[in-house]
Amino acid sequence: MTPIDGLLREASERIAWPRGVDIAPAVLGRLDRGADSSRRPAMAWVGLAALAVVLILAIPPAREAIADLLGVAGIHIELGTSEPANAGFDLSLGEEMTKEQAESESGLVINAPADLPPPEAIYVSNSPVDGELTMVWPPSPATPEIADSGVGLLITQFRATGVGNYLKRATPETRVVVVSVFGVDGYWMEGAPHVLVFEDSDGVARQELSRLAGNVLIWEANGVTYRVESSLDLRSALAIAESMATD
Amino acid sequence: MSVEGRPLNDTSLIVATKSGDARAYGELVRAHQEIALRVAYLFVRDRAEAEDTVQEAFVKAFRALGRVDPDRPFRPWLLAIVRNEARNRIRRQGRQKALETRLAGEVASGDPARSPESLAVEAEMYRGILGAVDRLPERQRQVIGLRYLVGLTEAETAATLRVPLGTVKSRTKRALERLRDELEPPSPKEEVG
């Protein structure tokens with residue numbers, strides 16, 4: 001270990017991290033509040049009982065005994081009917097929004113394929129450019145899962161130009177093919193995860209790493225760059241692109 | 001603090017949670033909360049916000065457990081959710097707030113048995129190190145923070161940031177070079193003649 005490595009690790013122990021915090025009760029409480037109303041009376045009873053023993057619970061050896069009294073230990077308790085998280089929530093795509101919120105936040109008009117159902121989720125991020133909008137579809141027969149991502153299709157829109165100027169230089173390990181999308185050059189990349197280099201709307205060079213190990217079709221129209229990522233072949237990806245509006 | 005996962009326990013806890021065992025999810029939270037809180041704190045720089053961030057991340061993780069293969073490592077997946085949640089909070093509050101609290105301002109006291117003078121010198125040294133980390137470009141700062149301050153492995157860092165392993169390696173190398181330039185004194189020139 002070089003000196004700087006060691007110093008960093010020592011410094012880490014001096015940071016006033018959050019310590020000694022048990023957030024499990026709060027997490028379970030949040031999940032319980034997602035329970036349906038028919039179960040509320042039972043959980044309310046548990047809540048009152050918990051209040052009565054809160055001081056005793058603070059003593060570690062008593063905790064298991066109290067848990068048994070409350071009927072928690074070893075008993076199956078449903079954590080409510082929480083709505084499952086939408087596809088892509090764990091991919092660092094930004095903040096999930098409704099269509100209206102996403103358009104307002106990004107300044108873009110959502111351009112979704114006419115031949116597919118609406119996306120399951122829409123995310124807006126400010127990285128690598130402000131107002132990057134991503135639509136996500138779950139795996140389906142038309143859009144098989146990309147690797148182990150839990151996602152079938154990702155379509156990203158952001159204001160940027162100049163993708164083609166840098167693309168070949170930035171993807172040495174990925175096969176790149178120039179294709180025609182709406183009569184202009186688009187780029188098809190398959191294989192390894194890639195780096196995409198482009199200019200944002202201020203002319204600043206930015207780079208974006210591919211998020212998944214899928215195949216990607218990129219093209220630019222009216223100052224907006226589109227990126228379709230999936231496990232589909234070129235023909236199917238082009239069909240998706242061609243069902244998207246161009247205005 | 002160990003930063004190694006406990007894959008077998010996680011698998012059992014995830015399976016138990018999926019079959020309705022609330023206590024199992026509580027144990028899963030406890031197994032990973034400390035490191036999740038550190039990751040969140042690294043981004044949001046506020047203890048209350050870090051706790052709220054991690055609570056929300058665990059709620060989201062629970063809602064997605066149906067999609068998770070219990071045999072896949074849980075921690076990197078969870079930490080990616082924590083990081084995304086932290087970024088969303090920073091974005092909502094504005095970037096400036098996140099760095100109002102500098103790591104360098106958070107140095108805790110050392111061994112009280114030592115002299116005040118030596119403690120002060122040591123604290124100043126660590127403030128200097130953490131200040132240098134805070135001055136790194138954002139992407140290098142994140143990698144150094146996760147690798148050396150939180151204690152993740154390279155693979156865990158890559159999974160948390162959702163970047164390739166090679167990117168973590170190259171950003172780490174550049175960041176360490178930068179820190180060495182700033183923190184390590186130049187070698188004395190050799191006397192000739």
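The values are calculated or read from the model by the stated rules, or taken from the named source; none is laboratory data. In this text, all values refer to a predicted model and were calculated from it rather than measured experimentally. We place every Cβ from the backbone using ideal geometry, glycine too, and count neighbours over all the protein chains shown.
Computed values, structure above
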item	result
Close pairs (6 angstrom Cβ cut-off, 6 or more residues apart or separate chains): at the interface with chain A (Cβ under 9 Å from one of its Cβ atoms) in the range B:35-63, in a helix (DSSP H, G or I) and hydroxyl-bearing (Ser, Thr, Tyr) anywhere	B:Ala40/B:Thr53; B:Ala50/B:Tyr41
Failed criterion for B:Ser19 (all others in (1) modelled with pLDDT of 90 or more; (2) of a type outside the set (Val, Ile, Thr); (3) surrounded by fewer than 18 Cβ atoms within 10 Å (Cβ to Cβ) hold)	(1)
The lone exception for B:Leu152 - which of (1) within 11 Å of chain A (Cβ to nearest Cβ); (2) of a type outside the set (Ser, Thr, Tyr); (3) buried (at least 23 other Cβ atoms within 10 Å of the Cβ) it fails	(1)
The range A:1-43, residues that are under 19 Å from B:Ala57 (Cβ atoms), part of a helix (DSSP H, G or I) and modelled with pLDDT under 90	A:Gly29, A:Arg30, A:Leu31, A:Asp32
Residue count, the range A:97-144 (criterion: farther than 18 Å from A:Glu229 by Cβ, within 14 Å of chain B (Cβ to nearest Cβ) and touching a helix residue (DSSP H, G or I) at 6+ places or on another chain (Cβ under 9 Å))	4
Among residues of the range B:22-46, those that are out of contact with any Phe, Trp or Tyr (no Cβ under 6 Å at 6 or more places or on another chain), at pLDDT 90 or above and charged (D, E, K, R), counted	3
Residue count for the range B:128-145, restricted to those that are within 11 Å of another protein chain (Cβ to nearest Cβ) and surrounded by 19 or more Cβ atoms within 10 Å (Cβ to Cβ)	6
Listing of strands (runs of 3 or more DSSP E) fully contained in the range A:128-247 that carry 2 or more residues being modelled with pLDDT of 80 or more and crowded, with 19+ Cβ neighbours inside 10 Å	A:132-137, A:153-161, A:184-191, A:215-221, A:224-230
Odd one out for B:Pro73 among (1) at the interface with chain A (Cβ under 7 Å from one of its Cβ atoms); (2) more than 20 Å from A:Glu13 (Cα to Cα); (3) surrounded by fewer than 19 Cβ atoms within 10 Å (Cβ to Cβ)	(1)
